[in-house]
Structures are given as structure tokens and as C-alpha cells.
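Here the structure is laid out as C-alpha cells; the discussion comes afterwards.
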Amino acid sequence: MTKAIRPALINCARCGVEKKVGRSGPIPTYCSGACRAAVKYERTLVDGRYEAELARARRRTAQRQQENARPCPYCGAPMTNPRRVQCGLEACRLRAAADRMRQLQRDYKAEHGVWPHHRYPESQRAASLRRRHKHGHWRKQYPERAAAYDARRRALVTQARTDETFAPIDIHTRDGWTCQLCHEPIDQSIAWPHPKSPSVDHIIPLSKGGAHALSNAQSAHLGCNSSKCDREMVDAVARIGQAG
């Protein structure tokens, strides 16, 4: 019997690329496992096995999701993913994040007795002072922006001015040198731009139609006034209370 001659090279049955044949073992038909898998995939598409298996997998997924469905704890919408904490809406996501933070605080307080951020405002003020001593006040760094801000402020004051004329000392004396936002005393000896320096705040912001009058002005720390920004009085006090 004549022994079959083993070829040294073969051409891939799919892509036609030449491939070396080893001295032992079966003679390959394809040049790589990728070509072999591609041929198997193409055969499943032709005979319909791929579509049938895909339909079965989708039915199993739908059945599993239906069995594990549960309502969102915040809005009640159905959730099919058992690992989700909320349904994914923006409001539910924010509420879930707040609950996680509150639980973190409770766990930390239970272990250590106090939440480490109870002095966060003081650390922020200290960091702000260090940054200001290092780089200077923002008015000196950006004089053009400061000039534009002053121009807008003067326009708002002129537009909202009434027949009343008053000085900041009149407001501070009337309010007993007490910040009307955090209700802590104001030290007259502290100079601007320290966060605890005195400033005059408009209860209804000028940008929202407030008047530049005694009835719409109140004493405030510079830091509290900056934190309030152009918010309404109730929202600003709640924000400052949470920060303190």
C-alpha cells in the first residue's frame, strides 16, 4: 500500500490563506480558530439554529425578569433587574444617593461617635483664606471681570433704588450686629474680605426685583451672604443651616 503524502502547506477553506502543516496530527482545514468559528456561525445562520437559540434566550430572560420584578422603592415603577436599588429616573437616583450618604453617616457615627464633617465649614473657610493669601483676591487676579461685576451691580442698585438713603452702619445697628442668616453675632473689627466680616444682604435679591431699601436689607456675614447668592430667603437659610 502506498503511503499518503502529507502536504507541507494547505489553503484555508474559508479565506484561502496558506498555512503550514505540522509533521503529525490531523491535517487542518482552516488557517485559524477564528475561521473555524466563523464557518460554524455562518452555518447556524443558514439553517436557522442561531435565530431559534436567540429566541429561546430572549424568552428565558423575559421569564426571569418577570419572576424577579419588584417596584421601585421611591416611585413604584416596576424594576426587572434584581440588583437595581432604584428604577433609574433622575429623581429616584438622587434620593437613593441621599439615602446612601445618610446611611454612611449613621454607620460612621455608630462606630466613631461623630461624623468627621462636623467642622467642614471651618475647614473650607481656612482653605479659602490660605488660597487668598497665596494667590490674592479674585478682584486683583481678574480686574476686567471685577469691573464688569461692579457695573452690573451699580445698574441693579440704580434700577431698584427708592427714595430712602441709608448706610451699611444703619442696617447693622438696627439688626444689633447679628447675622440674619445664621443668627450669630457679627464682629465689627473683622475687615473685608474675611468670611466673617459684616455685609449688607438684600432679602429679595436685586436680580429678582428686590428694592434697595431699608425694608429689604439686613445684616449678614460676608460668607453667609455669598452662600445665599441670589436665592430666596427660605432656601438660603436652609442651605446655610445644612452647611453649618
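Could you work out the helix-only [θ] at 222 nm for the chain, with each DSSP H run of four or more residues adding -39,500 (n - 2.57) and the total divided by the number of residues, to the nearest 500 deg cm²/dmol? Could you put the intermediate results ahead of the total?
Working: 9 runs with 121 residues, N = 244.
When only DSSP H runs of four or more count, the value is -16000 deg cm²/dmol.
With N denoting the number of residues in the stretch 56-197, provide Rg(C-alpha) divided by 2.2 N^0.38 Å, to two decimal places.
Details: Rg = 26.6 Å, N = 142, 2.2 N^0.38 = 14.5 Å.
Cα Rg divided by the expected 2.2 N^0.38 Å: 1.84.
As I understand it, the value is the acute angle between the Cα axis of helix 233-243 and the longest principal axis of the Cα atoms of the chain; what does it come to in degrees, rounded to 10?
70 degrees
Enumerate the amide H contacts of Leu181 below 5 Å, restricted to partners 5 or more residues apart or on another chain; note that Pro and chain-start residues carry no placed amide H.
Hits under the 5 Å cutoff: His221.
Placing unit charges on C-beta atoms (Lys and Arg positive, Asp and Glu negative, everything else neutral), compute the dipole magnitude of the chain about its Cα centre in debye, rounded to 20. Numbers along the way, then the final one.
Numbers: 43 positive and 23 negative charges, 446 e Å.
My answer is approximately 2140 debye.
What number, in percent, do you get for the relative contact order of the stretch 9-67 if the mean sequence gap of Cα pairs under 8 Å and at least 6 apart is divided by its residue count?
Values: 36 pairs, mean separation 12.7, N = 59.
Value for the stretch 9-67: 21 percent.
Once the other residues with Cβ under 13 Å from the Cβ of Arg102 are scored (Lys, Arg +1; Asp, Glu -1), what is the net sum? Before the final figure, lay out the partial values.
Working: positive: Arg95, Arg100, Arg106, Lys109; negative: Asp99, Asp107.
Within the 13 Å Cβ shell, the charges total +2.
Rounded, prolate or oblate, given the Cα gyration tensor of the stretch 162-232, with a/c below 1.5 counting as rounded?
Cα axes put the stretch 162-232 in the oblate bin.
Could you work out the relative contact order of the chain, using alpha carbon pairs under 8 angstrom and six or more residues apart, expressed as a whole percent? Can you show the working numbers first?
On the way: 238 pairs, mean separation 23.5, N = 244.
Averaging sequence separation for qualifying contacts and normalising by length gives 10 percent for the chain.
Tell me the label only: which of (1) 73, 27, 21; (2) 31, 20, 18; (3) 28, 19, 17 is semi-axes √(5λ) of the Cα gyration tensor in Å as calculated from this structure?
(1)
Between helix 90-112 and the chain, what is the angle of the helix's C-alpha long axis to the longest principal axis, kept within 0 to 90° and rounded to the nearest 10?
80 degrees
Please determine, in degrees from 0 to 90 and to the nearest 10, the orientation of helix 120-135 with respect to the longest principal axis defined by the Cα atoms of the chain, where the helix direction is its Cα long axis.
Tilt relative to the chain: about 80 degrees.
Where the only charges are on Cβ atoms (+1 Lys, Arg; -1 Asp, Glu), what is the dipole of the stretch 9-67 about its Cα centre, to the nearest 20 debye? Before the final figure, lay out the partial values.
Numbers: 13 positive and 6 negative charges, 35 e Å.
Roughly 160 debye, rounded to the nearest 20.
Checking the a/c ratio against 1.5 first, then a/b against b/c, what shape does the Cα gyration tensor give for the stretch 119-160?
On the way: a/c = 5.97, a/b = 1.84, b/c = 3.24.
It is oblate, given that a/c is not under 1.5 and a/b is not larger than b/c.
Where the centroid of each part is defined by its Cα atoms, how far is the stretch 171-220 from the stretch 56-83 in Å?
55 Å
Can you compute 3J(HN,Hα) from phi for each residue in the stretch 142-152, using the Karplus curve 6.51 cos²θ - 1.76 cosθ + 1.60 with θ = phi - 60°, rounded to whole Hz and x for Gly and Pro?
Each residue of the stretch 142-152 in turn: 10, x, 5, 5, 5, 5, 5, 4, 4, 5, 5 Hz.
Using modelled backbone amide H atoms (1.01 Å from N, in-plane), which distant-in-sequence or interchain residues come within less than 5 Å of Arg161's amide H?
His212
With a probe of 1.4 Å, find how much accessible area the stretch 119-160 has per residue, and write the answer as a whole number in Å². Could you put the intermediate results ahead of the total?
Working: 3600 Å² over 42 residues.
With all protein chains present, the stretch 119-160 gives 86 Å² per residue.
Keeping all protein chains in the complex and leaving out DNA, RNA and ligands, what accessible area do you get for Lys19 with a 1.4 Å probe, in Å² to the nearest 10?
Answer for Lys19: close to 70 Å² accessible.
Round to a whole number: what % of the accessible area of the stretch 9-67 belongs to carbon and sulfur, probe 1.4 Å?
Values: 2430 of 4770 Å².
Summing carbon and sulfur atoms, their accessible area is 51 percent of the total for the stretch 9-67.
The values are calculated or read from the model by the stated rules, or taken from the named source; none is laboratory data. What you see is a predicted model; the values in this text were computed from it and never measured. Every residue, glycine among them, receives a Cβ derived from its backbone with ideal geometry; neighbour counts consider all protein chains shown. Just so you know, the surface numbers come from the protein's heavy atoms only, side chains and all, with ligands and any DNA or RNA stripped out. Shrake-Rupley method; radii C 1.70, N 1.55, O 1.52, S 1.80 Å.
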